[in-house]
Each structure stands twice: as structure tokens, then as C-alpha cells.
Amino acid sequence: MRFSVDAWDPGYGTSTEDDAARTKSSARVELDVERDPGDWKPIEPRPVALPSAVLFVDGVRRIDAQLWVHAGAGTSASLAICASYAAGVVCCTANGATVPTVAVRRGVFTAADDASPVTTNAGTYALYKVKQDDPDALSLGLQRQLADVELEAARRARESLDDDQDLLVLDGPLKGRQHLPRAIGFIKTHRAEYLPAQLNGVVARLDPAHRSPVFRMGTSWDRYAWYLRLPGGAGAPWAGVVRVECASDLTASEAVALANLSQETLCRYASVEFKDSRAPQNLFPIAGLERALRRRLGDPALLYRALRTAASAR
């Protein structure tokens with residue numbers, strides 16, 4: 001295929017990108033899973049049996065270049081992105097931390113009908129077709145492939161561990177991965193309000209290692225969720241607060257057991273401000289894994305030059 005490389009810096013999005021408006025969540029919420037809404041109050045940590053291993057799963061992505069795919073004379077060019085992405089697992093046990101699984105991929109994402117993989121002297125970008133020719137569709141296509149690689153990394157790590165007493169912590173929402181056993185999703189930021197105002201006040205009053213009662217929520221998919229304040233968060237009312245999710249096909253008592261386990265487990269790995277500007281939410285194992293994965297993506301300048309060279313050769 002013929003293509004050209006956009007000179008716009010991919011770190012700033014695409015040159016045709018529009019700002020996306022945020023909307024208030026319309027999720028269905030059931031508040032009485034663990035306690036009646038009138039009895040909501042912070043729940044303190046309690047002694048629980050710790051997992052034999054905690055597996056932290058995360059992925060990173062980087063757009064190496066934006067392309068324009070040229071179909072032929074008299075036709076408009078289609079937008080594409082070339083991206084590198086990687087996923088891995090940190091396994092934390094009483095004996096220390098290891099990285100048993102890392103997977104690196106490169107892909108070109110486009111809606112162009114006559115698109116093909118992009119081969120350069122620095123590697124090949126596999127072709128992934130999306131349905132619409134717009135930046136959001138390209139980004140979503142990349143995110144789906146990254147999620148698939150994260151699933152692959154989690155599966156391989158668990159196969160090598162061969163232990164049914166572990167806990168899997170997935171950085172980000174659990175959507176698409178809720179079938180994994182003994183898994184929780186770890187959400188660092190809050191872009192929507194899911195609780196009534198008076199119950200948001202309960203979250204704002206959480207002490208370190210305390211959590212909210214478990215509730216059930218759903219949009220296009222259902223899950224149990226709870227809020228947890230990590231140690232070290234100070235300042236704003238929700239500083240250090242994360243949302244944790246588990247699968248909706250668990251019983252309420254199983255979800256509560258995971259919530260109790262999260263208090264004892266996640267707080268042990270909270271980061272500190274002098275080491276991480278995203279402390280305490282950016283847990284130490286996840287932060288270290290992110291750094292390792294970004295190194296595995298390769299040199300962005302080298303890949304960009306390789307793509308420019310491949311484009312000029314066509």
C-alpha cells in the first residue's frame with residue numbers, strides 16, 4: 001500500500017482530533033449489596049488469609065506515527081496509526097518479585113480497504129482493520145489489541161505459577177476480563193460519579209486502608225465495586241482513593257471477601273510521593289512494570305525514521 005507519514009507529533013494526538021466531552025455516568029447502581037444505604041459507613045480492615053502470590057497485570061501503548069493511506073488518484077486518503085504496545089505481569093510472593101511474562105506487539109490500525117502490513121527495517125507492523133475512519137476508532141482498535149495482549153500475559157503467568165490461591169490485579173477496569181478467576185480491576189482515576197451525594201461523603205471520609213461497602217453497578221456490563229483509600233493520600237477529600245471491581249457472577253459474600261482481601265493486599269504496594277508523582281494510586285509493582293514495558297517498546301525516533309524510510313520507498 002502507498003502511505004505517507006503525518007508530520008504532526010503523535011504525542012499530541014492527531015492533527016484532526018476534536019476534544020471529547022465527558023458525560024455523567026448513567027450506570028445502574030444497587031447500593032444494598034453489603035449494607036443498607038442508610039447504614040453506609042467506612043469499613044476498617046480485618047485480618048484475612050493473604051494470597052500465595054499477587055499478580056499485577058498492566059500494558060502500555062505508544063503511537064509511533066500517524067499515516068495517510070492513499071488508495072489512488074481521485075480518492076481521499078484514509079487515516080492510520082502505527083503503534084507499539086506491550087503487556088506484562090509482575091508476580092509478588094514472600095520470596096520477592098519477578099516478571100514472568102512480557103509480550104511486545106506492533107500494529108498498523110486503519111479502515112482503508114486496501115491496507116496491508118507495514119514492513120520497515122526496524123520490524124513489521126501487523127495490520128488491524130477498524131470500522132470507521134476516525135481517530136477514536138483507531139484508538140479503540142489499538143486498545144482492544146492491548147487488552148488481548150494483557151489477557152495473554154495473565155494466562156501465561158498463571159500457567160507458569162500453577163497455583164489456585166493467587167490474586168490477579170488488573171490495572172484498569174475489569175471489562176472483557178471478568179471471566180478470569182480471583183481477579184480484581186484497579187481504577188486509579190474517577191471520571192464519573194456513581195454514588196448519591198451523601199454516599200460520596202462516606203468515601204471522602206475514608207481513613208487509609210478503609211473502604212466503602214460493596215455495591216453493584218452496571219452499564220453495558222455488570223460488576224461489583226467498592227472504593228478504597230490507600231495509605232499516603234492527603235489533601236483533597238478523594239486523594240488516594242481508588243475504585244476496585246470484581247465479576248458480577250460472584251455471590252455477594254464472595255465479592256465482600258475480595259473487598260476485604262483488597263484492603264490487606266493493595267495497601268501493601270501503595271507508592272509514595274517522593275518516588276512517584278501519581279502516588280499512592282500508582283502501585284509500586286505497576287509503576288515498575290510500566291517502566292520495563294516502555295523500554296521494551298523500542299526507540300521512538302528510530303521507529304519513526306524507519307516508517308518514513310518505508311513510506312518513501314513505495
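Summary of computed values
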quantity	calculated
Quotient of Cα Rg and 2.2 N^0.38 Å for segment 181-238, N being how many residues it contains	1.18
Net charge, H70 excluded, C-beta distance under 10 Å - Lys, Arg +1, Asp, Glu -1	+1
Segment 231-274: chymotrypsin sites (Phe, Trp or Tyr not before Pro) falling in loop per DSSP and having at most 11 other Cβ within 10 Å	F274
Kyte-Doolittle at least -1.0, axis length at least 30 Å by Cα - qualifying DSSP helices, the chain	135-161
By average C-beta atoms within 10 angstrom, highest first, the peptides 302-314, 134-146	134-146, 302-314
Within straight-line cross-link reach of K275, lysines at Cα separation under 25 Å, skipping those fewer than 8 residues along the same chain	K188
Cα centroid of segment 160-178 to Cα centroid of segment 256-309, whole Å	16
Cβ-defined net charge surrounding E159, 14 Å radius [Lys, Arg +1; Asp, Glu -1]	-2
The chain: antiparallel DSSP beta bridges as a percent of all, rounded to 5	80
Three-way shape label, segment 147-187, alpha-carbon gyration tensor, a/c 1.5	oblate
Value of [θ]222 nm, deg cm²/dmol, for the chain, DSSP H segments ≥ 4, -39500 (n - 2.57) each, nearest 500	-8000 deg cm²/dmol
Separation in nanometres of the label points that stand 7 Å from Cα toward Cβ, at R294 and R2	3.8
Taking segment 121-194 and dividing mean pair separation by its residue count, relative contact order in percent (alpha carbons under 8 Å, at least six apart)	19
Approximate spin-label separation A27-E273, in nm, with each point projected 7 Å along Cα-to-Cβ	2.8
Distance between modelled label sites at S220 and L127, nm, 7 Å Cα→Cβ extension	2.6
Cut-off 14 Å between beta-carbons: net charge of the residues surrounding P37, Lys and Arg +1, Asp and Glu -1	-2
Alpha carbon centroid spacing (whole Å) that separates segment 52-104 from segment 191-232	30
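Every number in this text was worked out from the coordinates using simple rules, so none of it is lab data. Just so we're clear, the structure is a prediction, and the values are computed from it rather than from any experiment. Because the Cβ atoms are built from the backbone with ideal geometry, glycine has one as well, and the counts that use them run over all protein chains shown.
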